Amino acid sequence: AHAPGSSVQSRTLGSLQEETTSNERHSSVSHHSSKTKPRHDSEKERIYTSLLDTASKHHFNNYFMVPDILQFIQVYSNINTSVKYCIYITEELEVEVYANQRKVPATHPALHNYKHINSLQQLVELMKQLDRHNVCTGNNDPEYMNPLSCLLPVTVKSNVAYVDVGGPFITPTVRAKKCDVLVLKHYKRCVPCRKFRASLCRKQLKQKRKT
């Protein structure tokens, strides 16, 4: 679902967001556009320059390239222009991937063969790999998103989860601290968020028994 939460919900989630430092969003486009790194390896510099040149002439399915840097953006649709994926290749040829502006852990299986990108073919293969995945939905059920339920504040304060407030057309959700961000398309949630969800269900059941 891409509908944003109500204004009331957004305000309550915003107040919870201030309670943890782990929910700072990665503004990847603005961050990387001004990011520069020294080049120490002439071979890496040659590969980077060559890749920049060939990529600028290539047509990428579902991605567009940010001019003058190796950064590639995929949005959800022509209507929902929120950024789904952002691929950034540093001048050291290292890869950083963001989904819904959340950085995908470098240890994620989807990135296993793409620690570095040395060719256009590798870049295209990485894009195809990402397209086999969806962004983890986290736990966006109304009963879990309501701070008055006594479920969410406890988990956020105990540092096992954080509130992802979403963005335009992106539903706010609660993610496990170690959320994988990406899941294969036949799953809705990553393993850490599924385990966290089970914990929320148990707490909710105990709460119902007390009432």
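The values are calculated or read from the model by the stated rules, or taken from the named source; none is laboratory data. Keep in mind that what you see is a predicted model, and the values were worked out from it rather than measured. Backbone-built Cβ (ideal geometry, glycine too); neighbour counts: all protein chains shown. For the accessible areas, the whole protein counts, side chains as well, though only heavy atoms, and no ligand, DNA or RNA atoms are used. Shrake-Rupley method; radii C 1.70, N 1.55, O 1.52, S 1.80 Å.
Among the criteria (1) modelled with pLDDT of 95 or more; (2) among the polar types (S, T, N, Q); (3) open to solvent by 20 Å² or more (accessible area, probe 1.4 Å); (4) in contact with a strand residue (DSSP E or B) (Cβ under 8 Å, 6 or more places away or on another chain), the one Q121 does not fulfil is (4). Residues in the range 92-138 that are basic (K, R) and in contact (Cβ under 8 Å) with a residue 60 or more places away in the chain were compared, and the one that is farthest from P168 (Cα to Cα) is K103.
Given the conditions (1) within 28 Å of V75 (Cα to Cα); (2) touching a residue at least 12 places away in the same chain (Cβ under 8 Å); (3) of a type in the set (A, V, I, L, M, F, W, C), which single one is not true for V191? Every condition holds for V191 apart from (2).
May I ask you to verify whether T107 is among the hydroxyl-bearing types (S, T, Y) and closer than 20 Å to E45 by Cβ? Considered against the rule, which asks whether it is among the hydroxyl-bearing types (S, T, Y) and closer than 20 Å to E45 by Cβ, T107 comes out as no. Scanning the range 174-190 for residues that are over 17 Å from Q129 (Cα atoms), open to solvent by less than 70 Å² (accessible area, probe 1.4 Å) and either more than 14 Å from the chain's Cα centre (by Cα) or modelled with pLDDT of 90 or more (or both) gives R175, A176, C179, R189.
Note on the range 58-75: residues that are closer than 15 Å to S119 by Cα, in a loop (DSSP other than H, G, I, E, B) and under 19 Å from the mean Cα position of the chain (by Cα) total 1. Residues in the range 73-105 that are out of contact with any strand residue (DSSP E or B) (no Cβ under 8 Å at 6 or more places or on another chain), over 15 Å from Y48 (Cα atoms) and open to solvent by 20 Å² or more (accessible area, probe 1.4 Å): S77, N78, I79, P105.
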